[in-house]
Amino acid sequence: MNLAATSHALVIGVAAALAFAFLLLAGRLLIRLPGRAFPFSGSVINEPAQRVRDRWQELGRRRSQLLLPLLVLAVVATTVAVAARLSGSALRGPAPAGWQQYALLLLLAIVSVYALYRLVVITLQRRRLHLRWQAGLVVGHALQRLSANHNRTFHDVPCSSGVMDHVVVGLHGIYAVHVIARRPRRNGIATLEDDAVVLGNEQDRYPVDGVRKVAARLARECGKVVRHDVHIRLVVTVPGWEIRAQTSDDILLTNERNLTMLTGWKDQRDYLMDDDVDKLHALFDERCARVTGQESAR
């Protein structure tokens, strides 16, 4: 193998691939620039499952960027093959494969396998996120029907202990809604025990202690705003599953079809004054505001 010819061809091939990658990335940057100048930044709040959708789109961009190394590897592999062919022709016979060629092909194989592995991992992550996104959308749109009693629904509400998927705030109380996204099974049954949601069988369990802590922390932060104790009802929603009897008194288990029944789950300590509701609406408007309007501008 003519190492000089191969090196010269490699330089040309890699330079062409890198130039293509540079132009592609520059084009992506130019497309995203108008979103940074979105004139209504801060006036748009989160949509249902906004956080999951942003992550899903980010993984899509990473998957697209992985195609660039694969392009470079394809160009390099083609260049090595062509250079070896030309070297053999110049010698009027097949060129012997030296250790340089074997080392280069081994390196190309290792990098290609890693790039393909990352591509598969990102694709699987996007599939799981897409299910969570769809589940969040279904629940979010169901909650939008709760417009009576000065109710407003907020999505992806952050607090110091985590993020709550949905929060409904109105005169009849505050409801924190957590979504469990699991692909529905035929005749799938969801039950609620004291410390977990059980789907189908005892092996598929989702602990709810973490969600309890987020709801409790959110209640304390709301209490600081209205200057008195606030009670938050915790609702766990499993879209697509049938709900069976539950054993917990402080958590309501629902699916997307009977989610509106949560407004009937209240007592005297849940009611809020008009002024309290207005303060909490302002609080969640601020917390759920989009930092930039890139996604809305696209």
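Laboratory data are not the source of any read-out in this text; all were calculated from the coordinates shown. The structure displayed is predicted, hence computed values, not measured ones. A quick note on method: Cβ atoms are made from the backbone with ideal geometry, for glycine too, and the neighbour counts reach across all protein chains shown.
Brief remarks on what is shown
- Computed from backbone phi with θ = phi - 60° and the Karplus coefficients 6.51, -1.76 and 1.60, the 3J(HN,Hα) list for the stretch 166-176 is 8, 9, 9, 10, x, 5, 8, x, 10, 10, 9 Hz; x is used for glycine and proline.
- Under Stokes-Einstein, with the Kirkwood radius over Cα pairs as Rh, the value for the stretch 124-258 at 25 °C and 0.890 mPa s is 158 µm²/s.
- For the stretch 120-127, 3J(HN,Hα) computed residue by residue from phi via the Karplus equation (6.51, -1.76, 1.60; θ = phi - 60°) reads 5, 4, 5, 4, 5, 4, 5, 4 Hz, glycine and proline entered as x.
- Low-density loop cleavage sites - trypsin sites (Lys or Arg not before Pro) in the stretch 120-181, where at most 15 other Cβ are within 10 Å (DSSP): Arg145
- From phi via Karplus (6.51, -1.76, 1.60), per-residue ³J(HN,Hα) for the stretch 218-226 in Hz, x at Gly/Pro: 5, 5, 5, 5, 5, x, 5, 6, 8
- Modelled spin-label separation between Arg205 and Arg227, with each label point placed 7 Å from Cα along the Cα-to-Cβ direction: 4.6 nm.
- Under 16 Å of direct C-alpha separation, and excluding same-chain neighbours fewer than eight residues apart, Lys224 reaches these lysines: Lys279.
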